[in-house]
Amino acid sequence: VRLVESGGGLVQAGGSLTLSCAASGAIFSGNVMGWYRQAPGKQRELVAAMTSGSMTNYADSVKGRFAISRDNAKNTVFLQMNSLKPEDTAVYYCNYRRQVSGDDYWGQGTQVTVSS
């Protein structure tokens, strides 16, 4: 499975960005696609995830500000990020996980920088 991310960049606090991640390869139903982030000196953490059945999970720190969505026909996941804060600055990674096997696949990461 190959994951290609796009949409990162530099934005001022309070602004918005949308990340996209397109998956290709051995894509099957019964999967979870999501976004993780890693700030310098910190562990990678879940931001948001959505199953192929549209169940979602969000980190408490982004609830009400970020929204995850999917286009299953195009194997693409999106992360709409609003009201961005400097503490949202991190490298954001797309993740694809097969629910039965637990196999994980990662994108190359895209930098999001929020200036104060």
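Let's see how each residue does on (1) hydrophobic (A, V, I, L, M, F, W, C); (2) under 16 Å from Gly109 (Cβ atoms); (3) surrounded by fewer than 14 Cβ atoms within 10 Å (Cβ to Cβ); (4) at pLDDT below 95:
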residue: Leu3; (1), (2), (3), (4): yes, yes, no, no
residue: Leu17; (1), (2), (3), (4): yes, yes, no, no
residue: Val47; (1), (2), (3), (4): yes, yes, no, no
residue: Tyr58; (1), (2), (3), (4): no, no, no, no
residue: Ala67; (1), (2), (3), (4): yes, no, no, no
residue: Lys74; (1), (2), (3), (4): no, no, yes, yes
residue: Val77; (1), (2), (3), (4): yes, yes, no, no
residue: Asp88; (1), (2), (3), (4): no, yes, no, no
Selection from region 49-82 of residues that are on the phi < 0 side of the Ramachandran plot and part of a loop (DSSP other than H, G, I, E, B): Ser52, Gly53, Met55, Ala59, Lys63, Arg65, Asn82
Extreme residue, modelled with the lowest pLDDT, among residues of region 19-43 that are outside any loop (DSSP other than H, G, I, E, B) and over 17 Å from Ile68 (Cα atoms): Ser24
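Take the residues in region 5-15 that are touching a strand residue (DSSP E or B) at 6+ places or on another chain (Cβ under 6 Å) and open to solvent by less than 30 Å² (accessible area, probe 1.4 Å), then tell me which one is nearest to Arg97 (Cα to Cα).
Taking region 5-15 and keeping what is touching a strand residue (DSSP E or B) at 6+ places or on another chain (Cβ under 6 Å), we get 5-8, 10-13.
Adding the requirement that they be open to solvent by less than 30 Å² (accessible area, probe 1.4 Å) leaves 5, 11.
Values: Glu5: 16, Val11: 29 Å.
Result: Glu5.
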Selection count where residues are under 19 Å from Val114 (Cβ atoms) and either open to solvent by 70 Å² or more (accessible area, probe 1.4 Å) or touching a Leu at 6+ places or on another chain (Cβ under 6 Å) (or both), scope region 31-45: 7
Residues of region 1-18 classified as in contact with a Gly (Cβ under 8 Å, 6 or more places away or on another chain) and either on the phi > 0 side of the Ramachandran plot or part of a loop (DSSP other than H, G, I, E, B) (or both), total: 1
Qualifying residue in region 93-111 (condition: at pLDDT 95 or above, among the polar types (S, T, N, Q) and surrounded by 15 or more Cβ atoms within 10 Å (Cβ to Cβ)): yes
Residue pairs meeting the criteria (Cβ under 7 Å; at least 6 apart or on separate chains; first farther than 16 Å from Cys94 by Cβ and in contact (Cβ under 8 Å) with a residue 40 or more places away in the chain, in region 1-22; second open to solvent by 30 Å² or more (accessible area, probe 1.4 Å) and not in a strand (DSSP E or B)): Ala13/Lys85; Ala13/Pro86; Ala13/Ser116; Gly14/Ser83; Ser16/Asn82
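The values are calculated or read from the model by the stated rules, or taken from the named source; none is laboratory data. A quick note: this is a predicted structure, and the numbers were derived from the prediction, not measured. Heads up, the Cβs are rebuilt from the backbone with ideal geometry, glycines too, and the neighbour counts pull from every protein chain shown. When the accessible area is computed, the model is the full protein with side chains, heavy atoms only, and any ligands, DNA or RNA have been set aside. Shrake-Rupley method; radii C 1.70, N 1.55, O 1.52, S 1.80 Å.
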